[in-house]
Amino acid sequence: MIVIDGQHCEMQVASFANLEEILVKVMENGTLDNRIVTDVLVNNEPFSEIYPHQAEDIEASEISSVEIKSVPVGEMAMSITRELYKVVQIMGDGAKHVAELFRQADDTEALEMYQDLLQVVRDFLGMIGVLRSEFTLKDHPAFSDGVEEISDLFGEMTEVMENEDWILLADLLEYEFLPATERWKTVIQLLREDIRKVNKG
């Protein structure tokens, strides 16, 4: 039995050699166009690959049911933008905490957390970039200004790090990076409006 988003599918498990063949066929038949798969259940157990092509190793004879759950791309994008608001909050809280640690001369922990913060910011900008290229129909100055501001700021903070001026780094985090992250909330709001329009269109 193969079920896609609650609908029984005409395809039969027995017609395939393994799970990978089933999943490939489902993707090819267009049922999941403009949708993102969120869950795959095999014999009512969640399945996700631990290594590439693991699905190939699960023979059809071992499968009694495959259920695939998905959501529209636009809906997924909206839920990602909700998460991005939380990430902005995490970046702000992280910057405050790192600044405090530098002021308390706890340099080792502060530097470790600062590296983590940089990674979060990189991931955040990457995700915003993907959403923007997928959904945004117009260029928002707020986006380019935000990217430029963060890039300039990181350039400045790198120089300050090289000089090991931790107090100045704390000041930059608190008085420049924090307000910069707040401004990203506007960018996320604009993205949400764009995605909403694309979803309606």
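The values are calculated or read from the model by the stated rules, or taken from the named source; none is laboratory data. Note that the structure is a prediction, hence the values are computed from the model and not measured. Every residue, glycine as well, gets a Cβ built from its backbone with ideal geometry; the counts of neighbours run over all protein chains shown. Calculation scope for accessible area: heavy atoms of the full protein, side chains included, ligands and nucleic acids excluded. Shrake-Rupley method; radii C 1.70, N 1.55, O 1.52, S 1.80 Å.
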Index of the failed condition, SER15 passing every other in (1) under 30 Å from ARG132 (Cα atoms); (2) open to solvent by 40 Å² or more (accessible area, probe 1.4 Å): (1)
Residues located in region 16-55, provided they are over 30 Å from LYS200 (Cα atoms), polar (S, T, N, Q) and without any contact (Cβ under 8 Å) to a residue 40 or more places away in the chain: ASN43, ASN44, SER48, GLN54
Residue check, SER65 touching a residue at least 60 places away in the same chain (Cβ under 8 Å) and exposed (fewer than 15 other Cβ atoms within 10 Å of the Cβ): yes
Strands (runs of 3 or more DSSP E) enclosed by region 1-95 - at least 3 residues per element that are touching a strand residue (DSSP E or B) at 6+ places or on another chain (Cβ under 9 Å), modelled with pLDDT of 90 or more and within 30 Å of ILE195 (Cα to Cα): 35-42, 66-72
Search result, residues across region 74-110 that are among the hydrophobic types (A, V, I, L, M, F, W, C) and out of contact with any helix residue (DSSP H, G or I) (no Cβ under 8 Å at 6 or more places or on another chain): MET76
Pick from region 119-132, criterion over 11 Å from the mean Cα position of the chain (by Cα) and surrounded by 15 or more Cβ atoms within 10 Å (Cβ to Cβ), ranking: farthest from SER79 (Cα to Cα): VAL121
Verdict on GLN104 being polar (S, T, N, Q), loosely packed, with under 15 Cβ neighbours inside 10 Å and touching a Ser or Thr at 6+ places or on another chain (Cβ under 9 Å): no
Test: GLU112 is part of a helix (DSSP H, G or I), in contact (Cβ under 8 Å) with a residue 40 or more places away in the chain and surrounded by fewer than 14 Cβ atoms within 10 Å (Cβ to Cβ): no
Residue within region 73-96 that is under 24 Å from the mean Cα position of the chain (by Cα), in contact (Cβ under 8 Å) with a residue 60 or more places away in the chain, within 30 Å of GLU174 (Cα to Cα) and open to solvent by 60 Å² or more (accessible area, probe 1.4 Å) present: yes
Per-region count, region 29-56, residues open to solvent by less than 90 Å² (accessible area, probe 1.4 Å) and in contact with a Leu (Cβ under 9 Å, 6 or more places away or on another chain): 6
